[in-house]
Amino acid sequence: MNLVRTFIAVDIDDNNVLSKLAEVRDYLVGTKADLKPVATENIHVTLRFIGEIPMTKVQEICDALTNTLKFKPFTIKIEGLGVFPNIRRPRVIWAGVSRGTEELVKLHDIIEKTLRSLGIPPVREKFVPHITLARVKSSKNLQSLIKAIEQFMNTEFGELVVDKVKVKRSILTRSGPIYNDICVIKAVE
C-alpha cells in the first residue's frame, strides 16, 4: 500500500513576509545553536498534520474538503516570536499570528470535523496558529539562542491574504522535507 505523509496548510506566499521570516530564522541559525531550520520554500501555517495515509484516503480528504471548506478570503498578521514548550527549554521556535486567528481556528475546526467523518481520529492538543521557523535539537549555545529569540519577540513580519488552503504531501529526505501540493481549496469570493 502506497502511504503518503500528509498535512493541510496555508502557505506563506507573500515575498515580503517570507523574506522577513527567513531573515530572523537565519539570525537564529547564526547563534550557532543546534537548530534544524525550516527551508524558506517550506514556511507555512499547519492547519492539521495527518500523517501517513493511503493515497486513496488523501483523495477522499480532498473531495470532502472541497465540499465542506467554504470560506471568504481573510487577512492574517504575522507577529512575534515564541517557543514551544517554554523559553527555558525551547524545542520549536515559531512566529505568531496576531490577526486572523479566529478564521484559522474556524478552518481548523471544519477540517477536524471533516476528517473525523472520514474516520481519521481527532488531535488531542489545542490548535494554536503559528509558523514554525526552526526546531531546537540540543542545548548547545542555548543562552545565545534564548537572547536572540527574546530580541525578536515583538517583531512584526507583515500581513497576507489567506485565499487558499492546501492538502500537501511531505517527502522526507536527508536534506530536509520536500512538500508537494496534492489539492488546493480556494476561498469563495
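All of the numbers you see were taken from the coordinates with simple rules; none came from a lab. Note that this is a predicted model, so its numbers are computed, not measured. Heads up, the Cβs are rebuilt from the backbone with ideal geometry, glycines too, and the neighbour counts pull from every protein chain shown.
Points to keep in mind about this one:
- Global form of the stretch 52-187, assessed from the alpha-carbon gyration tensor, a/c cut-off 1.5: prolate
- Residues ASN2 and GLU102, FRET efficiency given R0 of 45 Å [Cβ-Cβ distance, rounded to 0.05]: 0.75
- Cα-based helix-to-principal-axis angle, 142-151 vs the chain, degrees rounded to 10: 70 degrees
- Neighbourhood charge, 13 Å Cβ-Cβ cut-off, centred on ILE53 and excluding it, Lys, Arg +1 and Asp, Glu -1: +3
- Acute angle (nearest 10 degrees) that the helix 55-68 long axis makes with the longest principal axis of the chain, alpha-carbon atoms: 80 degrees
- Entries in LYS72/LYS137; LYS57/LYS137; LYS113/LYS186; LYS72/LYS113 that, when Cα-Cα distance is taken, lie over 28 Å: LYS72/LYS137; LYS57/LYS137
- When you restrict to C-alpha pairs under 8 Å that are six or more residues apart and normalise by the size of the chain, the relative contact order lands at 34 percent.
- Here GLN151 and THR46 are evaluated by their C-beta separation; at R0 = 25 Å the FRET efficiency comes out at 0.50.
- Rounded Å value of the spacing that divides the Cα centres of the stretch 92-160 and the stretch 1-34: 11 Å
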